[in-house]
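The next block holds one structure in the form of structure tokens; read it before the comments.
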Amino acid sequence: MTAVLITGVGAVAEEPRTDGDPGPWFDPAAHLGRRGWKYFTPATRYLLAAANEALGRRHDDPPPAGVAAERFGVVTGTQYAIARVHRRMDTVLTGEGVHGISPAEVPGFSMNTPGSQLAISTGARAFSVTLTNPVTAGLEAVQFAVTALRTGRADVVVAAAADQAPEDHGARGEYDAAAAVVLSAGGRASGTAGATRPLATVTGGISRFLPPGPAGDLDPAALDRSAARVAALAP
């Protein structure tokens, strides 16, 4: 089985704030430079910032070296990345009509836009896939990336998750965030660590995300606790 290495990680996340905290929590210019992001949705900006950190690059840098574009893929998990865009467009269209929508913001209507912008920025041409799930989209992105690497569809994949929480997020403990990992097959690697000093190796599937029991086998109690946490996320 092809070894899958984790060679880079990056994340940006909103911390719990009080009403008196001044200003926005995320500064696009600090992460993405002064230009090129004005018409991107917040979730797209978060995604680019996290992925660039994982790859050890700046937003205006050339595509990562060491891997052919045709062997470099991107997979993004999300659920609410464009929820606010849809809500605003619905409000404007029903109130003002189509003339209230700027042509520059129309591309943000698509759920694929954040991941597509990441693929464009990094020059990834193997694939650009978006997965949607309110609970496990990020985990599914990692699984998709591992499968793509082990089946030879790519040599390097950025697996990421990004969301802009719904407008009432403060009441439900939900916050804006994005995270990304660079996964590489064998010795072919991009990212902050590189192939010679990987951060970790992916050794299994979903069960490996659960704590093992004393004998190293699956711990039923851990599985029950995990199921309870997932059930608690349901409305």
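The values are calculated or read from the model by the stated rules, or taken from the named source; none is laboratory data. Computed from a predicted structure; not experimentally measured. Cβ sites come from the backbone with ideal geometry, for glycine too, and all protein chains shown count toward neighbours.
Points worth noting:
- The set of residues from the stretch 102-125 being out of contact with any strand residue (DSSP E or B) (no Cβ under 7 Å at 6 or more places or on another chain) and under 19 Å from Gln164 (Cβ atoms) comprises Ser102, Ala104, Glu105, Val106, Pro107, Gly108, Phe109, Ser110, Thr113, Gln117, Ser121.
- Residue selected from the stretch 12-29 under the condition of a type in the set (Asp, Glu) and closer than 16 Å to Thr44 by Cβ, by the criterion modelled with the highest pLDDT: Asp27
- Residue pairs whose Cβ atoms lie under 8 Å apart, separated by 6 or more positions or on different chains, with the first residue in the stretch 124-143 and over 17 Å from Ala154 (Cβ atoms) and of a type in the set (Lys, Arg) and the second in a strand (DSSP E or B) and at pLDDT 90 or above, do not occur.
- Selection status of Thr41, in the same structural domain as Ala161 (by TED's automatic domain parsing), farther than 30 Å from Thr136 by Cβ and either at pLDDT below 90 or surrounded by 14 or more Cβ atoms within 10 Å (Cβ to Cβ) (or both): no
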